[in-house]
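Below is one structure, written out as structure tokens; the observations come after it.
The values are calculated or read from the model by the stated rules, or taken from the named source; none is laboratory data. Just so it is clear, the structure is predicted and the values come from calculations on it, not from any experiment. Here the Cβ positions follow ideal geometry from the backbone for every residue, glycine too, while neighbour counts run over all protein chains shown. Surface accessibility is based on the protein's heavy atoms, side chains included, excluding ligands, DNA and RNA. Shrake-Rupley method; radii C 1.70, N 1.55, O 1.52, S 1.80 Å.
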Amino acid sequence: MKGGTIQISWHDGKPVLTLDFHPISGLLATAGADYDIKLWLVNSGQAEKKIPSVSYQSSLTYHGCAVNTIRFSPSGELLASGADGGELIIWKLHPSETNQSWKVHKSLSFHRKDVLDLQWSPDDAYLISGSVDNSCIIWDVNKGSVHQILDAHCHYVQGVAWDPLAKYVASLSSDRTCRIYVNKPQTKSKGVEKMNYVCQHVIMKADQQRGDESKTIKTHLFHDETLPSFFRRLSWSPDGSFLLIPAGSFKVLPTSEAVNATYVFSRKDLSRPALQLPGASKPVVVVRFCSVAFKLRGSNSAEEGFFKLPYRLVFAIATLNSVYIYDTECVAPVAVLAGLHYAAITDITWSPNASYLALSSQDGYCTVVEFEDNELGESIPISVGKKPVDSEEKQHHIGKTDELMTETRPAESNKLAEAEQNEESKQPLPSLVTTDGKDKEHHVMQKTDEVMTETRQEEEKQPMQSKVNTPVSNKPARKRITPMAIDP
């Protein structure tokens, strides 16, 4: 593994706020505070035993504000970009014999303020976006209109994620909640089902016992709005087995200081974390799974792995100033990258063949890490579209663990049928607590306390239509506050 910060003018020295690899060609797209989207070809440095380099390819110019998030569609034919002031643009790939060009395909107008994160549906037909206007919007990309508005958050929505199996969407907000929505299709008059997401879980607080007392106190699971980042980007695993959620703030004891954490949720029970991955010295702001699965190594460490899977999944966790790379077969991080940037990390992305990991930063630079052939392992296909095979959490008795209990609050009219799946998981689940020093990782198994969540069904809302190319902005965009510089 070789990598480092590439010292070029990525976006005229201005903050690089987001980046994403094209799922087919492997081109790297970056965007930031200079309003432009730029495409780069990543060049391997293995032959010269150097860090990888990039070659500028082209720019996509249309936005009139800082671009906060860009994501290619799963097919690679479309690119969505969200910016300040509620701008949301769909770009379409126009291939030719000599080159490939991207042109503006649609402008999606309804958000009143900055768009901070977005994610495609698996079939390219829909898009979910999160905004400073406290709402998530599900867009019908083909029609170029709003399909559904999810407006239950009471503060900025800084991260959204779409389940690769198309059953759930998730949103993470600076109101200290994560909301899990489940698709409950509505049947139209002609018998056609219409996609309709309703809130199934509101993940908010954990119950902890105060010493020997019988009383419990509730503690928040997530950082509040003072977190010095615009983003809390969450990620589903490529097979849909797990949801990885950043911005965690976990207290080992009610009286102890909060530990920065990432939560791993199992698809079998999305009402409470199955694992906590604490230990980072700074808050976690971005998490991202690699889209490639790898063969199990079969080492002794496999017995200590997070989950029992027929393959290994790899994911990266980015704090404000460092990146931790994990796989599902090891307890400890595979690698830790630190001291790369002088300002906050804003986004991370994996190349489609898992050869590269790239990250962007507020300091105006990007880092690209290259993995040698089979360094992460031998890739194998994932069966997406059916239930993950044998994806239960391992029930290791490493240290004492308590049963995780959740409280569900059904809607007044009726209960969500999905809540029944919570009864499957009544065995002790491991909770991993890590604390990091300068050069060493110290891992401690921590007793797990009750995690309290709400389960509610939102009132059905009629889809609100919006015309293409008709901006709706009755309020000025929120002025961007630059986070303080962070020493490496």
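Within the range 183-195, work out how many residues are outside any strand (DSSP E or B) and either buried (at least 18 other Cβ atoms within 10 Å of the Cβ) or not polar (S, T, N, Q) (or both). If you could, list the steps in order and put the result at the bottom.
From the range 183-195, those outside any strand (DSSP E or B) are 184-185, 188-192, 195; that's our starting set.
Filter once more, so that each one left must be either buried (at least 18 other Cβ atoms within 10 Å of the Cβ) or not polar (S, T, N, Q) (or both): 184-185, 188, 190-192, 195.
Result for the range 183-195: 7.
Take the residues in the range 275-296 that are under 25 Å from Pro122 (Cα atoms) and small (Gly, Ala, Ser), then tell me which one is most open to solvent (accessible area, probe 1.4 Å).
Ser291
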Study note, to complete from the structure: Pairing a residue in the range 294-318 that is part of a strand (DSSP E or B) and among the aromatic types (Phe, Trp, Tyr) with any residue that is crowded, with 17+ Cβ neighbours inside 10 Å and at pLDDT below 85, where Cβ atoms lie under 9 Å and the two sit 6 or more apart in sequence or on different chains, gives Phe307/Ser391; Phe307/Glu393
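Restricting attention to the range 240-268, which residues are open to solvent by 10 Å² or more (accessible area, probe 1.4 Å) and either at pLDDT 95 or above or out of contact with any Leu (no Cβ under 9 Å at 6 or more places or on another chain) (or both)? Can you show your working first?
Let us first name the residues in the range 240-268 that are open to solvent by 10 Å² or more (accessible area, probe 1.4 Å), namely 249-260, 267-268.
Listed by number, the residues that qualify are Lys251, Val252, Leu253, Pro254, Thr255, Ser256, Glu257, Ala258, Val259, Asn260, Arg267, Lys268.
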**Study point:** Among residues of the range 126-139, those that are open to solvent by 20 Å² or more (accessible area, probe 1.4 Å) and under 21 Å from His105 (Cβ atoms), counted
**Key:** 1
Revision key, fill the gap. How many residues of the range 48-62 are within 12 Å of Lys38 (Cα to Cα), open to solvent by less than 40 Å² (accessible area, probe 1.4 Å) and outside any strand (DSSP E or B)? The answer is 0
Review point. Which condition does Thr226 not pass, out of (1) buried (at least 16 other Cβ atoms within 10 Å of the Cβ); (2) more than 16 Å from the chain's Cα centre (by Cα); (3) under 27 Å from Tyr181 (Cα atoms), if it passes all the others?
Key: (1)
Study note, to complete from the structure: Listed by first then second residue, the pairs whose first member lies in the range 136-162 and is at positive phi, whose partner is at pLDDT 95 or above and outside any loop (DSSP other than H, G, I, E, B), with beta carbons under 7 Å and at least 6 positions apart or on separate chains, are Gly144/Lys106
